Amino acid sequence: MPEPFLSVVIPVYNEEENLPELLPRLKAALDAIGRNYEVVLINDGSRDRSLELLREAAVRDPHIVVIDFNRNYGQHSAVFAGFDEARGEIIVTLDADLQNPPEEIGKLVAKMEEGYDVVGSVRIKRKDSFFRRMASRLVNRVTSMATGVHLSDYGCMLRAYRRGVVKTLCQSKEISTFIPVLADMFAGRVTEVPVAHAERLKGQSKYSLWKLVRLQFDLMTSFSLWPLRSTLAIGMTMATASMLVAAVLIVGRIVKGHEWAVSGVFTLFAVLFFFIGVLLFAIGLLGEYVGRIYMEVRHRPRYVIRQVFGRERRP
């Protein structure tokens, strides 16, 4: 096969219901672009028939390469494995759940050919629930504030990257990372385009509320010192407030006598317990950063590949 101009990287985790529709639609969409392409699918430890379907697809279609993990490592690790395998000048990431239609890939490729390094996408007329949309909006705002990277839709997987940006991303070996923010740090020209969004008809979302909260916390602690600085600011404010309260109690006891000070003891206890709670939170936050340092210095691999299918047909 000739060297591909376009690589499409797709993490797959328990998507046996969507793959039979995804693969034909993806092939038709990529054929319509009219450029050499490859599709890199990463089986992220699926427990259903996803791997079997991917292997069959790799046998039928010489454009397809399948990477099989030995267990589930998460979406970002799967994308990095796809980045390492991809050979295209333009590399597009896509979810396997069909909520981002593969027919929209051509729109991103056309924008990339205008000279951009990264092209993100903004989902219009989203088919998610009201709660999911509000949570996404909150995550976007907090992420922008914490990282200083201003994107409209961090949660949309449909994104295009220049090969040079992807190469730099792969050289970044930190365990906890967030690809859209990391790519923006290394890219020169970045833009976004509106894309269609579809309702998930088959399978279940892999992101529960707890996973979304954990992802947001990982993002904030991986790319910013803002949580530590905020805690420091809160600590300084509370220390100042506590000194003022202590001064009021001392002056009140001198001026109004012993009984006045005793009458405020329960208020003092409430304030003290609040301070202790904030202190424990600050210690836990500091421990989170120290734990991340410990995870990084061990230099463990992001993932373990069990087998790659389709590579034997590549030059």
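Given (1) of a type in the set (Ser, Thr, Tyr); (2) surrounded by 20 or more Cβ atoms within 10 Å (Cβ to Cβ); (3) modelled with pLDDT of 85 or more, identify the lone condition not met by Thr168.
The failed condition is (2).
Whether any residue in region 42-57 is over 25 Å from the mean Cα position of the chain (by Cα) and among the hydroxyl-bearing types (Ser, Thr, Tyr) is what I want to check.
Going residue by residue through region 42-57, those that are over 25 Å from the mean Cα position of the chain (by Cα) are 49, 52-53, 55-57.
If we keep only those that are among the hydroxyl-bearing types (Ser, Thr, Tyr) as well, we get none.
For region 42-57, residues over 25 Å from the mean Cα position of the chain (by Cα) and among the hydroxyl-bearing types (Ser, Thr, Tyr): absent.
With a cut-off of at least 3 residues that are touching a Pro at 6+ places or on another chain (Cβ under 6 Å), name the strands (runs of 3 or more DSSP E) lying wholly within region 1-82. Break it down stepwise before answering.
On the way: elements: 6-12, 37-43, 64-69.
Result: 37-43.
Of all the residues that make up region 171-214, how many are modelled with pLDDT under 70 and among the aromatic types (Phe, Trp, Tyr)?
2
Quickly run through region 95-118 and pick out the residues that are among the aliphatic types (A, V, I, L, M) and free of Cβ contacts under 8 Å to residues at least 12 places away in the same chain. Let's see the steps before the verdict.
Here is the first cut: in region 95-118, the residues among the aliphatic types (A, V, I, L, M) are 96, 98, 105, 108-110, 112, 118.
Matches in region 95-118: Ala110 only.
If we keep just the residues of region 18-54 that are charged (D, E, K, R) and crowded, with 17+ Cβ neighbours inside 10 Å, which is farthest from Asp84 (Cα to Cα)?
Initially, region 18-54 is screened for residues charged (D, E, K, R), giving 21, 25, 27, 31, 35, 38, 44, 47-49, 52.
Adding the requirement that they be crowded, with 17+ Cβ neighbours inside 10 Å leaves 27, 38, 44.
Numbers: Lys27: 22, Glu38: 13, Asp44: 15 Å.
Per the stated criteria, the residue is Lys27.
If the requirement is being of a type in the set (D, E, K, R) and at pLDDT 95 or above, which of these qualifies: Asp97, Asp48, Asp68? Give the steps one after another, and end with the answer.
On the way: Asp97 fails: at pLDDT 95 or above; Asp48 fails: at pLDDT 95 or above.
Residue meeting the stated conditions: Asp68.
The values are calculated or read from the model by the stated rules, or taken from the named source; none is laboratory data. Please read all numbers here as calculations on a predicted model, not as lab measurements. Note that each Cβ is placed from the backbone with ideal geometry, even for glycine, and that neighbours are counted across all protein chains shown.
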